[in-house]
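The values are calculated or read from the model by the stated rules, or taken from the named source; none is laboratory data. Predicted model, so just to flag it, every value in this text is computed and none were measured. Please note: Cβ atoms are built from the backbone with ideal geometry, for glycine as well, and neighbour counts cover all protein chains shown. Only protein heavy atoms, including side chains, enter the accessible area calculation; ligands, DNA and RNA are left aside. Shrake-Rupley method; radii C 1.70, N 1.55, O 1.52, S 1.80 Å.
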Amino acid sequence: MPTMLPTAPDAALTLADVLPACRAAIAGEPNALELPSARQAVVLLVDGLGAAALRIRSGHARTLAGAMSKRDVIHSGFPTTTAAALASLCTGAAPGRHGLVGYTVLDGSHDRVVNQLSGWDARLDPATWQRLPTVFERVAADGLRASIVGPPKYASSGFTAAVLRGADYHAAKSLDERFAATRRILDEGRPGVVYLYVPELDMTAHASGWESGRWTDQLETLDAAVRRFAAGLGPDEGLLVTADHGVLDVPASSHMLIDAHDDLVAGVRHVAGDPRCLQLHLEPGADRDALVEAWRRREGKRAWIVTREEALDAGWFGEVDAAVLPRIGDVLVAARGLVAYYDGRTSTAQGRAMIGQHGSWTPEETRVPLLRFGAFARR
């Protein structure tokens, strides 16, 4: 096994703790986040807002940055990709149990790689592919209200059916409209949980980079919206602001086309995962040891290259159910340097135009804020 593999810090809070803690707080029960009792809880998920980026841009986000101390940072989980992270948030479990183990994942029943955000079709049933009850289903079973507020285009997606089932979806296009819709839900007075999703920062990071002026403008807009919303919270309404992952800007000069090196794709049947966390699935009888050695020889200084067993032993996916095991690559390549890996045989120029990247184990990708407002504010 390679030395010094990354792992989540012992006893670290993760995204999987957030919604179960809110459910417990509404019931007046102890919880992992030590949240006080509240009648209504709002979880604002800001896609792509890493703790490191927020600290660096703190002058443009006085409300958000002002609420973040060292103890207000949690671990997103692995891999640091939206499909896996949001599934962990919404089920309270690690990817090894809920089954969404990457951005693209092997569907072994049909010998194909499937995009977990947008690739759902009749051959992939959200109700069974995502294998666990959601926190929203558990909240509803408690007799409480479970609500989602997000962009209209996600309302009926397969991913929504997989990870958000059990909640009513309230579609609202703009950021201000989403906050207004959340406020209306709270004003109805029914105890419960509201999940509010903001994808704009991540979209801007992919297109322009998180270090761009456009990203900073989006952060300022978000910060102002949070400030207004938090100011209107009642004494029994709590707000948590968190994220699914952070982002690194990877220039095109740091992209690597893996198919340009025959030894890096020898015996590889499918390439899944993310550009910063490849999951390589091999042909039957392929020489895995030779593939691992080739990768470590070429890329060992820029990536952690591990077998599936090594990843499992290091706890990368948490406890892994038997049905999920084949979805994880035979070999994983997790970037630790400023690099993104692409398969030139299947990737497109548009896909390789992304600047902001995530998926691996660096602190910039794994460390996300957990900010508390209203009834959940630190006293």
Filter result for LEU264 (under 23 Å from the mean Cα position of the chain (by Cα) and open to solvent by less than 10 Å² (accessible area, probe 1.4 Å)) | no
In the stretch 231-255, anything more than 24 Å from the chain's Cα centre (by Cα) and either farther than 16 Å from GLU211 by Cβ or among the basic types (Lys, Arg) (or both) is listed as ALA231, GLY232, LEU233, GLY234, PRO235, ASP236, GLU237
Check on ALA161, of a type in the set (Gly, Ala, Ser), over 17 Å from the mean Cα position of the chain (by Cα) and either surrounded by 15 or more Cβ atoms within 10 Å (Cβ to Cβ) or at pLDDT 95 or above (or both) | no
Given the conditions (1) part of a loop (DSSP other than H, G, I, E, B); (2) surrounded by 22 or more Cβ atoms within 10 Å (Cβ to Cβ), every one holds for LEU124 apart from (2)
Can SER174 be described as more than 24 Å from the chain's Cα centre (by Cα) and free of Cβ contacts under 8 Å to residues at least 60 places away in the same chain?
-> no
Given the structure, is ALA207 among the small types (Gly, Ala, Ser), under 16 Å from ALA53 (Cβ atoms) and surrounded by fewer than 21 Cβ atoms within 10 Å (Cβ to Cβ)?
-> yes
Residues of the stretch 349-361 satisfying the condition of being in contact with a helix residue (DSSP H, G or I) (Cβ under 9 Å, 6 or more places away or on another chain) and open to solvent by 10 Å² or more (accessible area, probe 1.4 Å) = ARG352, ALA353, MET354, ILE355, HIS358
Evaluate the stretch 30-52: report whether one residue or more is over 30 Å from LEU312 (Cα atoms), aliphatic (A, V, I, L, M) and either open to solvent by 70 Å² or more (accessible area, probe 1.4 Å) or not in a strand (DSSP E or B) (or both).
-> yes
How about the stretch 1-29: which of its residues are out of contact with any helix residue (DSSP H, G or I) (no Cβ under 9 Å at 6 or more places or on another chain), open to solvent by less than 40 Å² (accessible area, probe 1.4 Å) and in a loop (DSSP other than H, G, I, E, B)?
-> ALA12
Options ASP321, ASP259: the member that is open to solvent by 10 Å² or more (accessible area, probe 1.4 Å) and within 30 Å of ALA21 (Cβ to Cβ) = ASP321
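Among LEU370, LEU291, LEU282, LEU312, which is the only one that is among the hydrophobic types (A, V, I, L, M, F, W, C), crowded, with 17+ Cβ neighbours inside 10 Å and within 30 Å of SER208 (Cα to Cα)?
Answer to the check: LEU370.
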